[in-house]
Amino acid sequence: MSVTNYSQNALSQNLWDSDPELYNIIKKEKLRQKQGLEMIASENFTSVPVLQCLSSCLHNKYSEGLPGQRYYGGNKYIDEVEILCQKRALELFDLDSEKWAKMIIAGISCYSRCLDYKKFRQICDDNDCYLFSDMAHVSGLVAAKAIPSPFEFSDVVSTTTHKTLRGPRAGIIFYRKGVKSVKKNGEKVMYDLEQKINQAVFPGLQGGPHNNTIGAIATALKLATLPEFVNNQHQVITNAKHLCSLMQKLGYKIVTDGTDVHLVLVDLRNKEITGAIAEFVLEEINIACNKNTVPGDVSALNPSGIRLGTPALTTRGMKEKDMEKVVDFIHKGLEIAKKGQKISGPKLIDFKKFIASDALIMKEIENLKFEVAQFANDFPLPGLENL
């Protein structure tokens, strides 16, 4: 009897009671997010409904296979969740379920302009190959019709769901179905992608899917149809354009000389700062970004640029006026980086040793970190209250 009581108690306790050590680490991470500026272009904050799905009873079910073709019983409602998710994915991007189901890949990771999918299609047709478009970074912008869609010209489209789409950490693959082309003799050539892709996912790469995540994707797709989401996506681009313009006015070189999307790629070579040192200093003042290669770089481990994104800041409610303060913080941080690198040299390990021994620079960093935290604290952090 005591064993049963213990088990039930352990199952029903809150995390902060059952594992305070882990809970305290999570609290520290939440505080870091609250007091910092998340500018990694692939990051965003998700919604309470998505988090509720992730922690729901959907987590408990094992469901190898496809809807209606499971290896385990008891999947009636799991099938309904997955089918609903598929339906919403097609509806969100205005796709016909009867048409979507050698290759050129068109994708955006650090490219800050809209891709010309029509030109990619022409190249594919000239070379008799498929066009695979990866819209992982920009699917939220596409859903809001803030930028051109890849679907008209693509054979396959993939996306993650946690970036601009603001869902859980997961992905979706769309593929065309039906007639691919017609031969000169009138014979129809059909797409054969559906079975190949489905079998590649399962059993090729995946066993038991995370049903709670599929539920979370479904609710994120519904939220993406709301006017609030559409407005947010347009604001993401507006903020990125304003951030870009402000950086240019301060003399920073922007790859592609501007942006059409949610990110800005900054080439720091004219400022004589390495990407690694820039990333490190900005993180020290509570601004998270990532070092990134720029055209001409020969090493991804020692790049000359940084990538800045606006989705997470925009989700917290920041607008153009706030970007002015954000850019001011970034510029001050990069000035510290430049000053330190002049003395330490370009190696990050030497830079860290130098600033750790320089009380004045450390004081500058601490003061700036405090300013960033004060500024960031004024904006709400989406999510659950305690986690």
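The values are calculated or read from the model by the stated rules, or taken from the named source; none is laboratory data. These numbers were taken from a predicted model, which means no experiment stands behind them. Reconstructed Cβ throughout: ideal geometry from the backbone, glycine too, with neighbour counts over all protein chains shown.
Of all residues in the stretch 69-90, those being under 26 Å from the mean Cα position of the chain (by Cα) and either surrounded by fewer than 16 Cβ atoms within 10 Å (Cβ to Cβ) or aliphatic (A, V, I, L, M) (or both) number 6. Among the residues of the stretch 126-165, the ones that are of a type in the set (D, E, K, R), part of a loop (DSSP other than H, G, I, E, B) and surrounded by fewer than 24 Cβ atoms within 10 Å (Cβ to Cβ) come to 4 in all.
Scanning the stretch 168-203 for residues that are hydroxyl-bearing (Ser, Thr, Tyr), surrounded by 14 or more Cβ atoms within 10 Å (Cβ to Cβ) and assigned to a strand (DSSP E or B) gives a single hit, Tyr175. Here are some residues: Leu221, Leu165. Which one is in contact with a Lys or Arg (Cβ under 8 Å, 6 or more places away or on another chain) and within 22 Å of Val81 (Cα to Cα)? Just one listed residue meets the conditions, Leu221.
Total residues in the stretch 91-108 satisfying the condition of being assigned to a helix (DSSP H, G or I) and buried (at least 18 other Cβ atoms within 10 Å of the Cβ): the figure is 1.
Of all residues in the stretch 56-90, those being of a type in the set (Lys, Arg) and in a strand (DSSP E or B) number 1.
Can you say whether Thr256 is modelled with pLDDT of 95 or more, crowded, with 20+ Cβ neighbours inside 10 Å and outside the structural domain of Lys145 (by TED's automatic domain parsing), as far as the supplied structure shows? It is false that Thr256 is modelled with pLDDT of 95 or more, crowded, with 20+ Cβ neighbours inside 10 Å and outside the structural domain of Lys145 (by TED's automatic domain parsing). Entry remark, the stretch 350-367: residues being acidic (Asp, Glu) and farther than 21 Å from Gly36 by Cα number 2 in total.
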